[in-house]
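Engineer: Just dropping this structure here.
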Amino acid sequence: GAPKDREDNEVKPSVKFTMWVLDRKDGKVKLAFMPYTITKALGALQNNPDYAFDDIQMPYDVTVNAVNAGKKEVNYTILPSPKHVPLTEEELDEYGKKRPIEDVVERMKEKAQKTAREEEGTIDYDER
């Protein structure tokens with residue numbers, strides 16, 4: 001059946017995009033799980049001549065605001081910084097130390113499958 005929330009109501013599954021982001025609060029590169037609405041807004045910025053970018057790392061900061069965060073009806077907005085500040089050598093080094101996002105996502109899938117098998121008591125049959 002469909003996933004359920006804490007009150008046992010069915011929850012519509014949501015798609016999250018996984019990416020590395022620089023958290024300006026502590027200067028650390030962290031894994032972020034972005035809902036489609038944020039990813040779509042970032043794509044719109046990429047197509048805007050004032051904020052267009054070609055590299056994976058955006059040349060400016062983006063502030064993400066969430067109204068009703070943690071609730072069913074959350075609304076996200078993004079606010080791009082007008083300043084185009086290049087990443088420092090330290091920030092670039094920290095990005096460089098991170099595993100490719102594809103590898104991270106694959107490992108997360110493997111862990112989720114293992115957990116599901118353990119919780120559900122499934123049996124894996126080897127192909128012969």
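Engineer: Quick one: what pairs do we get from region 105-119, first residue under 19 Å from Met19 (Cβ atoms), second modelled with pLDDT of 90 or more, C-beta under 8 Å, 6+ apart or different chains?
Structural biologist: Val105/Thr18; Met108/Thr18
Engineer: Related question: Collect the residues in region 77-97 that are at pLDDT 90 or above and either in contact with a helix residue (DSSP H, G or I) (Cβ under 8 Å, 6 or more places away or on another chain) or surrounded by fewer than 10 Cβ atoms within 10 Å (Cβ to Cβ) (or both), keeping them in residue-number order.
Structural biologist: Thr77, Ile78, Pro80, Glu89, Glu90, Gly96, Lys97
Table: residues versus (1) open to solvent by less than 40 Å² (accessible area, probe 1.4 Å); (2) part of a helix (DSSP H, G or I); (3) within 23 Å of Arg99 (Cα to Cα); (4) not aromatic (Phe, Trp, Tyr).
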residue: Phe17; (1), (2), (3), (4): no, no, yes, no
residue: Leu22; (1), (2), (3), (4): yes, no, yes, yes
residue: Asp26; (1), (2), (3), (4): no, no, yes, yes
residue: Val29; (1), (2), (3), (4): yes, no, yes, yes
residue: Leu42; (1), (2), (3), (4): yes, yes, yes, yes
residue: Pro49; (1), (2), (3), (4): no, no, no, yes
residue: Gln57; (1), (2), (3), (4): no, no, yes, yes
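Engineer: What pairs come up if the first residue lies in region 69-82 and is without any contact (Cβ under 8 Å) to a residue 60 or more places away in the chain, the second is of a type outside the set (Lys, Arg) and assigned to a loop (DSSP other than H, G, I, E, B), and their beta carbons are under 6 Å apart, counting only those six or more places apart or on different chains?
Structural biologist: Once the first residue is without any contact (Cβ under 8 Å) to a residue 60 or more places away in the chain and sits in region 69-82, its partners that are of a type outside the set (Lys, Arg) and assigned to a loop (DSSP other than H, G, I, E, B) give Val74/Asn68; Pro80/Tyr51; Pro80/Tyr60; Ser81/Tyr60; Ser81/Asp61.
The values are calculated or read from the model by the stated rules, or taken from the named source; none is laboratory data. Keep in mind that this is a model prediction, so the values were computed, not measured. Positions of Cβ are backbone-derived with ideal geometry, glycine not excepted, and every protein chain shown enters the neighbour counts. Each accessible area value is taken on the protein alone, full model and side chains, heavy atoms only, with ligands, DNA and RNA left out. Shrake-Rupley method; radii C 1.70, N 1.55, O 1.52, S 1.80 Å.
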